[in-house]
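Colleague: Below is a structure I'd like to ask you about.
The values are calculated or read from the model by the stated rules, or taken from the named source; none is laboratory data. Being a predicted model, the structure only gives us computed values, none of them experimental. Note that each Cβ is placed from the backbone with ideal geometry, even for glycine, and that neighbours are counted across all protein chains shown. With ligands, DNA and RNA removed, areas are computed over all heavy atoms of the protein, side chains included. Shrake-Rupley method; radii C 1.70, N 1.55, O 1.52, S 1.80 Å.
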Amino acid sequence: MHVAMIGAGYVGLVSGACFADFGHVVTCVDRNAERIARLKSGEIPLFEPGLDRLVAANIREKRLDFTTELAAPVAQADAVFIAVGTPSRRGDGYADLSHVHAAAREIAAAVTGFTVVVTKSTVPVGTGDEVERIIREVRPDAEVAVVSNPEFLREGAAIQDFKHPDRIVIGTEDERARKVMEGLYRPLYLNQAPLLFTNRRTAELIKYAANAFLATKIAFINEIADLCEKVGGDVQQVARGIGLDNRIGGKFLHAGPGFGGSCLPKDAVALIKIAQDAEAPLRIVETVAAVNDVRKRGMARKVASALGGNLRGKSIAVLGLTFKPNTDDMREAPSIQLITALQDMGAKVRAYDPIGMAQAREMLTGIDFCDSPYSCAEGTDALVIVTEWEQFRALDFDRLKGVMKQAILVDLRNVYRPGEITGFAYHSIGRAEPRRP
Ligand SMILES: NC(=O)c1ccc[n+]([C@@H]2O[C@H](COP(=O)([O-])OP(=O)(O)OC[C@H]3O[C@@H](n4cnc5c(N)ncnc54)[C@H](O)[C@@H]3O)[C@@H](O)[C@H]2O)c1
């Protein structure tokens with residue numbers, strides 16, 4: 001089958017490369033000329049483990065190509081995927097659909113023959129109807145079926161997730177479109193990945209509901225962590241104790257500095273807006289978003305209290321800047337609000353991230369970027385682990401102690417266990433000693 005993938009970001013590039021690997025002929029289209037030029041020269045413009053090899057192998061097999069020009073690949077395609085960004089609209093939090101609508105217009109002008117237009121971007125309920133309306137307005141003669149096929153991959157494990165999904169959700173009631181989608185996902189289907197067919201609006205809603213639920217689990221365990229700190233519980237054990245219950249499940253129950261990333265925060269807010277407009281407000285999700293927002297900045301107070309309450313003139317080393325390990329994505333990373341709050345409180349910040357430094361430099365000002373955890377720790381009063389990169393799991397604490405002004409570790413990801421690190425004052429999430437009256 002011929003596939004045109006509009007948008008070559010985290011989702012478009014991974015999906016395009018995986019479809020090519022399934023044996024389809026894929027062209028990734030992006031309006032960002034620099035991104036396409038880098039891809040054409042064999043460079044991957046984002047960090048995703050294994051993607052370089054997958055892309056190179058499929059270019060060699062002549063199943064994967066890149067262009068800024070949408071018309072030719074769309075004209076040839078059996079299926080055109082829209083995988084452009086849907087960020088929060090500035091000011092009100094609604095999903096910004098301008099890229100989706102622009103792509104729909106361009107696709108409409110270029111399609112020939114029966115074509116399935118698939119929305120892979122995360123979009124509000126009813127967006128498929130609007131994409132269809134736009135296409136019919138531009139090209140009343142076009143033979144298209146508009147399908148919703150939301151993506152559930154996680155950055156950092158994106159290829160594995162795409163090739164071994166828990167489920168594939170396909171929103172269409174068009175029989176011909178259903179056949180095309182089954183053909184595209186055939187290798188996964190043969191592998192027993194459940195294909196869930198729904199109507200288009202339901203598919204759109206499934207994606208937002210899934211992300212809101214995951215966000216709720218994180219916000220919930222974070223509040224339980226706060227309670228543990230007050231009453232002397234251990235949140236790691238609470239999470240394990242409830243997570244072993246199959247009805248609850250152990251995933252997404254890691255207490256930390258609050259959820260970030262390119263999806264959970266913006267999708268929660270977008271869903272809240274959809275629900276308010278539909279007069280079916282989602283109070284739980286509203287609370288989750290509010291609680292999470294306050295938490296990220298609140299982590300700076302935790303650092304301050306580890307240092308006796310006052311950060312003026314103090315120097316803080318921050319380890320890990322991306323919103324999670326194994327990605328270079330800085331969107332909505334908890335590190336951003338934490339660092340800004342530390343600076344507001346009068347601290348100097350030094351920072352290190354194994355992969356995300358280039359993106360971080362564009363978003364953060366007034367901090368000293370360092371080239372290793374050890375140079376980052378030099379002369380600092382506290383070390384704060386914000387993102388649990390693998391290389392932070394076995395730090396040389398003797399060496400760190402040797403270069404730091406004070407031996408204080410604030411572990412916002414509970415990478416270490418209390419009492420494990422000798423010679424350091426250790427602070428973590430949800431595992432404090434009980435306060436005795
Ligand atoms: N990143 C994730 O982990 C993830 C997971 C699941 C779903 N999603 C959803 O997938 C969508 C894409 O996310 P992403 O992280 O890949 O975004 P991204 O910002 O990394 O990539 C989007 C790309 O689309 C391009 N683009 C925008 N308008 C275009 C147009 N008209 N024609 C051609 N190219 C265009 C941009 O230049 C950019 O390269 C979003 O809706 C997101 O919510 C993301």
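Colleague: Return a yes/no flag: does the range 33-44 have any residue that is in contact (Cβ under 8 Å) with a residue 40 or more places away in the chain and either out of contact with any strand residue (DSSP E or B) (no Cβ under 8 Å at 6 or more places or on another chain) or away from the ligand (no atom under 15 Å from the Cβ) (or both).
Modeller: Of the residues in the range 33-44, the ones in contact (Cβ under 8 Å) with a residue 40 or more places away in the chain are none.
Checked against the condition, which is being in contact (Cβ under 8 Å) with a residue 40 or more places away in the chain and either out of contact with any strand residue (DSSP E or B) (no Cβ under 8 Å at 6 or more places or on another chain) or away from the ligand (no atom under 15 Å from the Cβ) (or both), the range 33-44 yields no hits at all.
Colleague: Still on this model: Hand me the list of helices (runs of 4 or more DSSP H) wholly inside the range 187-302 holding 3 or more residues that are more than 27 Å from ILE170 (Cα to Cα).
Modeller: Where helices (runs of 4 or more DSSP H) fall fully within the range 187-302 and carry at least 3 residues being more than 27 Å from ILE170 (Cα to Cα), they are 200-231, 235-243.
Colleague: Please specify each residue of the range 175-184 satisfying the condition of being in contact (Cβ under 8 Å) with a residue 40 or more places away in the chain and either open to solvent by 10 Å² or more (accessible area, probe 1.4 Å) or part of a loop (DSSP other than H, G, I, E, B) (or both). Step through it out loud before you land on a result.
Modeller: Restricting attention to the range 175-184, the residues satisfying the condition of being in contact (Cβ under 8 Å) with a residue 40 or more places away in the chain are 176-177, 180-181, 183-184.
ARG176, VAL180, GLY183 - these are the residues of the range 175-184 that are in contact (Cβ under 8 Å) with a residue 40 or more places away in the chain and either open to solvent by 10 Å² or more (accessible area, probe 1.4 Å) or part of a loop (DSSP other than H, G, I, E, B) (or both).
Colleague: With the structure loaded, tell me whether GLY402 is open to solvent by 50 Å² or more (accessible area, probe 1.4 Å), under 16 Å from SER335 (Cβ atoms) and not β-branched (Val, Ile, Thr) or whether it fails that test. Write out each step before concluding.
Modeller: On the way: open to solvent by 50 Å² or more (accessible area, probe 1.4 Å): yes; under 16 Å from SER335 (Cβ atoms): no; not β-branched (Val, Ile, Thr): yes.
Here the answer is no, as GLY402 does not meet what is asked.
Colleague: Okay, next question. Select from the range 3-28 the residues that are hydroxyl-bearing (Ser, Thr, Tyr) and closer than 15 Å to ASN58 by Cα and write down the one among them that is nearest to the ligand (Cβ to nearest atom). Explain how you work it out, then say what you get.
Modeller: If we filter the range 3-28 for residues that are hydroxyl-bearing (Ser, Thr, Tyr), which is where we start, we get 10, 15, 27.
Now restrict to residues that are closer than 15 Å to ASN58 by Cα: 15, 27.
Numbers: SER15: 9, THR27: 12 Å.
Going through the qualifying residues, I end up with SER15.
Colleague: To continue, here is another question. Take the range 7-37 and flag every residue that is farther than 16 Å from LEU153 by Cβ and open to solvent by 10 Å² or more (accessible area, probe 1.4 Å).
Modeller: GLY23, HIS24, VAL25, THR27, ASP30, ARG31, ASN32, ALA33, GLU34, ARG35, ALA37
Colleague: Considering only the range 201-246, state which residues are of a type outside the set (Ser, Thr, Tyr), surrounded by 16 or more Cβ atoms within 10 Å (Cβ to Cβ) and within 16 Å of the ligand (Cβ to nearest atom).
Modeller: Listed by number, the residues that qualify are ALA203, GLU204, LEU205, ILE206, LYS207, ALA210, ASN211, ALA212, LEU214, ALA215, ILE218.
Colleague: Another one. Please verify whether ILE82 is of a type outside the set (Ser, Thr, Tyr), within 15 Å of the ligand (Cβ to nearest atom), modelled with pLDDT of 95 or more and surrounded by fewer than 23 Cβ atoms within 10 Å (Cβ to Cβ), treating the condition exactly as stated.
Modeller: In short, no.
Colleague: How do the pairs read when you match residues in the range 1-26 that are outside any loop (DSSP other than H, G, I, E, B) with residues anywhere that are within 13 Å of the ligand (Cβ to nearest atom) and among the charged types (D, E, K, R), using Cβ under 6 Å and keeping only pairs 6 or more apart or on different chains?
Modeller: Pairs that qualify, where the first residue is outside any loop (DSSP other than H, G, I, E, B) and the partner is within 13 Å of the ligand (Cβ to nearest atom) and among the charged types (D, E, K, R), are TYR10/GLU155; VAL11/GLU151.
Colleague: Which one of LEU97, LEU64 is at pLDDT 95 or above, open to solvent by less than 40 Å² (accessible area, probe 1.4 Å) and away from the ligand (no atom under 12 Å from the Cβ)? Don't jump to the end; show me each part of the working.
Modeller: On the way: LEU97 fails: away from the ligand (no atom under 12 Å from the Cβ).
Exactly one residue qualifies, and that residue is LEU64.
Colleague: Of all the residues that make up the range 312-346, how many are in contact with a Gly (Cβ under 9 Å, 6 or more places away or on another chain) and open to solvent by 10 Å² or more (accessible area, probe 1.4 Å)?
Modeller: 15
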